[in-house]
Amino acid sequence: MMSRCAKPMLALLLVFALGLGFAARATAAPPAGLNWEVHGTGSGSASLPFGVSSSGPALPQHVGNATYSLNLSSPGFPESNGVGGFCEFITGSGSVRAADGSTISFATVGTLCNEAGSVGELGSPLQYNGTFRITTGDGRFIGVAGGGSLTATFNSTHFIKIDGTITGL
């Protein structure tokens, strides 16, 4: 037979042990990532043999009013895409700068294609399809990480969409 003090003490120890188990489980879980989208329109230069430089206003999730910049450099030679245009593999970098000056920087790799015509032909819109990886952040974005897809079209107006995951906010 248990004493009157033993039952409450046993119950208190059981509650304490369960609490420690849940606390250890919660601290061991990795941080969840947030869906991150950036939509921007801008301008700049875009040419299949020379690359792209584009910047303008952006509306990203979790950042507020911002601007974007994107620079793609052409490391190789364009090849026919089979539908009347040319494509080349391309690498680059960019950033999203919040209104307070904090910046998220990223690296990107993908394919830049013109819709039709010869390499360097003026008036043929360019399209970029690639992936991105967040390389660094500063200001309120120190420690952010993430990645996803980056698509853009370059005509008289440049359109960019970043769609991925970001952690560390």
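Brief remarks follow.
- Annotation: Asp100 fulfils all but one of (1) at pLDDT 95 or above; (2) more than 17 Å from Glu37 (Cβ to Cβ); the unmet one is (1).
- Pairs linking a residue in region 23-42 that is at pLDDT below 75 to a residue that is surrounded by 10 or more Cβ atoms within 10 Å (Cβ to Cβ) and not polar (S, T, N, Q), with Cβ atoms under 8 Å and 6 or more positions apart or on different chains, are Pro31/Gly168.
- Residue selected from region 56-80 under the condition under 16 Å from the mean Cα position of the chain (by Cα) and among the hydroxyl-bearing types (Ser, Thr, Tyr), by the criterion surrounded by the fewest Cβ atoms within 10 Å (Cβ to Cβ): Thr67
- Cβ-Cβ under 8 Å pairs, at least 6 apart or on other chains, region 148-161 side free of Cβ contacts under 8 Å to residues at least 24 places away in the same chain and assigned by TED's automatic domain parsing to the domain that holds Cys113, far side hydrophobic (A, V, I, L, M, F, W, C) and crowded, with 16+ Cβ neighbours inside 10 Å: Ser149/Phe132; Ser149/Ile162
- Only residues that are within 20 Å of Asn129 (Cβ to Cβ), at pLDDT 80 or above and outside any strand (DSSP E or B) were counted across region 49-86, and they come to 7.
- Taken over region 108-134, the criterion of being under 14 Å from the mean Cα position of the chain (by Cα) and surrounded by fewer than 16 Cβ atoms within 10 Å (Cβ to Cβ) is satisfied by Val109, Asn129, Thr131, Arg133.
The values are calculated or read from the model by the stated rules, or taken from the named source; none is laboratory data. Fair warning: this is a prediction, and the values are worked out from it, not measured in the lab. Cβ: placed from backbone, ideal geometry, glycine included. Neighbour counts: every protein chain shown.
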